[in-house]
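Below is one structure; the comments refer to it alone.
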Amino acid sequence: MPSSVRVREIPPGASLGPFQDVAWHVNAGDPAWVPPLRMSLATLLNRSKHPFHQHADVAYWLAERDGQAVGRVAAVVNHRHNEFHDERTGFFGLFESENAPDTARALVDAAAGWLRERGMQRLMGPMNLSTNEEAASPGVLV
């Protein structure tokens, strides 16, 4: 029987290296996966350098099983989006999960809970941090 998955939030200011790297582990051997440029991903995640973070609140989680990273997710409150559309939508993205329903559910639940605590009434995703990033339409590899 597989061990249980543990999801932990990555504190602001902590290294996002493991968050970035998990995509390569989860998608290893999948011929349909096209990896992002590591430098582009690092820039996107940089709260002090990427302009998206000036109008959004973002939190990151890492899922681990037996000490190994097996998934990740980001939760996003995009204040400009919500002001423009007059809604309270939270987004989840940068989603990666091993092929295990408990991992995927735990990650989405973590993001949804964080967004709910911030008053969001709807959850949309997966996508990158915003609808304007590299993936114009949300989705996952199956």
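Read the figures in this text as sums done on the coordinates, not as results from a lab. Predicted model only: the values in this text are computed from it and were never measured. Methodologically, a virtual Cβ is constructed for each residue, glycine included, from the backbone with ideal geometry; neighbour enumeration extends over all protein chains shown.
Observations, loosely collected:
- Helical mean residue ellipticity (222 nm; -39500 (n - 2.57) per DSSP H run of 4+; nearest 500) of the chain: -9000 deg cm²/dmol
- The base-10 log of I(q)/I(0) for the chain, evaluated at q = 0.12, 0.18, 0.20 Å⁻¹, reads -0.46, -1.06, -1.31 [Debye formula, identical scatterers on Cα atoms, solvent excluded].
- For segment 1-64, the set of trypsin sites (Lys or Arg not before Pro) satisfying both a DSSP loop assignment and a count of at most 14 other C-beta atoms within 10 Å is given as 47, 49.
- Residue with peak Gaussian network fluctuation, the chain [Cα springs, cutoff 10 Å], from 69, 28, 59: 28
- Sites matching trypsin sites (Lys or Arg not before Pro) across segment 69-134 that sit in DSSP coil, with at most 15 neighbouring C-beta atoms within 10 Å: 88, 118
- Extension gain (nm, one decimal) between residue 99 and residue 85, 0.36 nm per residue minus Cα-Cα: 1.6 nm
- Residues of segment 1-44 with an amide N closer than 13 Å to a point placed 7 Å from the Cα of residue 66 along the Cα-to-Cβ direction: 1-5.
- Residues of segment 84-122 falling in the label zone of residue 28, defined by backbone nitrogen less than 15 Å from a point 7 Å along Cα to beta-carbon, are 97-99.
- Taking a ≥ b ≥ c as the square roots of the eigenvalues of the alpha carbon gyration tensor, segment 56-117 is prolate, as a/c is not under 1.5 and a/b beats b/c.
- Multiplying the residue separation of residue 54 and residue 123 by 0.36 nm and subtracting their alpha-carbon distance yields 22.7 nm.
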